[in-house]
Amino acid sequence: MAVVYQALHRRVSSLVCRLHSTYVRKMRYLNQLKEDDSLCRQAQASGAFYLFHNLSPFLQKVGKKYLVPQLSAAEMKRILEKLPEAEQWLEKSVLIGCSDEHRPHFALDLGWDDSSSVHASTRALDKSAIESELQGSFTDLRKALFVVDGKDSPLLASAQSLLRWHDSHQYCSKTGQPTQKNPAGSKRVCHASGVTYYPQMSPVVITLVSDGSRCLLARQPSFPQGMFTALSGFCDMGENVEETVRREVAEEVGLEVESLRYSASQHWPFPSSCLMIACHALVGAQRTEISIDTLELEEARWFGLEEIVEGLKREPRSSKQDDGSFLPWFPPKQAIAHQLIREWVKQQSA
């Protein structure tokens, strides 16, 4: 029996190692591409490209589905072959991942126009011409994230965030001199000062507040009519997550958090690449009077379980009533606020 157990253990261990090594090999390959410029340039010749135009991703509609096409390097060269600066365009791509078979994935914004720069190398490509040739359309990212397949949403979000970061970091904040990206797009360097810049995300807490039997949701004036969501705010310099949650809840709705727990995290590209840190917070059942910060919020109120369950079923387009008012609806499933609300419903229903 011991021999059988040992043999089974070895087989299981071997399988786990193979599964892990696939991931490890993939991560190490990506790291090599980021660190080895010549290797990354070679990878562009066999890579897949995701196209953007002024930070809007390219989508193709097939039936009722929206697809995110991957273009081969050959297809990219066909699109760019009429331009004298074709090679310079490929140099502007950024590495965003790779397949399990180590086919690298790049993102490229064809709306990037640096013709006014002292180091000009490319002019923006005509948007309509590309859409016509590839039979698709460049779509605002806010819409794209909610119409594409769930596995494509994070990729588009991270790609756009990285492209946006490069667009806004073309000059050194210390010297004012131009910075240069490496082929992978994992950093920019100011050769005048020697400063290296790396893409960063801003930490943001998003918190679902509960008093034990109800949860608190709020809306800002800029939100679509009827939409409510969890409270959120940027971490101040030097704060930890717990301090940020307590401060944001106190500032925005005038409540004091007694306890909190971490739920999950999500990258969010708006307004410019945030790491959303999702938490559940509990306030005392006897201290639940809301006092909103009108500079931040338009409305905040408590919701019972039944109202939350109904709101989760409701589509934005069906929330308008005959009298012109709107029934509450909540963020879609792709947003981490939706996950927080679902978790609260599950806990209340247990």
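Selection of region 128-167 for residues being closer than 16 Å to Gly185 by Cα, of a type in the set (A, V, I, L, M) and open to solvent by less than 20 Å² (accessible area, probe 1.4 Å) yields Leu156, Ala157, Ala159, Leu163. Only one entry in Val249, Val241, Val245 is buried (at least 17 other Cβ atoms within 10 Å of the Cβ) and within 22 Å of the chain's Cα centre (by Cα), namely Val245. Figure legend. Inter-residue proximity from region 34-54: first residues of a type in the set (A, V, I, L, M), second residues buried (at least 21 other Cβ atoms within 10 Å of the Cβ), beta-carbon distance below 7 Å, spacing 6+ or different chains. Indicated pairs: Leu39/Leu33; Ala43/Leu33; Ala43/Pro104; Leu51/Phe58; Leu51/Leu108; Leu51/Leu110.
The residues of region 267-295 include none that are over 30 Å from Ser168 (Cα atoms), open to solvent by 30 Å² or more (accessible area, probe 1.4 Å) and under 27 Å from the mean Cα position of the chain (by Cα). Sub-9 Å Cβ pairs linking a first residue in region 293-313 that is in a helix (DSSP H, G or I) to a second residue that is polar (S, T, N, Q) and surrounded by 15 or more Cβ atoms within 10 Å (Cβ to Cβ), at least 6 apart or interchain, are Leu305/Gln348; Ile308/Gln348; Gly311/Ser319, ordered by first then second residue.
Quick check on region 14-67: of everything there that is β-branched (Val, Ile, Thr) and part of a helix (DSSP H, G or I), which residue is modelled with the highest pLDDT? Walk me through it before giving the result.
To start, the set of residues in region 14-67 that are β-branched (Val, Ile, Thr) comprises 16, 22, 24, 62.
From what's left, part of a helix (DSSP H, G or I): 16, 22, 24.
Working: Val16: 52, Thr22: 87, Val24: 92.
My answer is Val24.
The values are calculated or read from the model by the stated rules, or taken from the named source; none is laboratory data. Just so it is clear, the structure is predicted and the values come from calculations on it, not from any experiment. Because the Cβ atoms are built from the backbone with ideal geometry, glycine has one as well, and the counts that use them run over all protein chains shown. Surface accessibility is based on the protein's heavy atoms, side chains included, excluding ligands, DNA and RNA. Shrake-Rupley method; radii C 1.70, N 1.55, O 1.52, S 1.80 Å.
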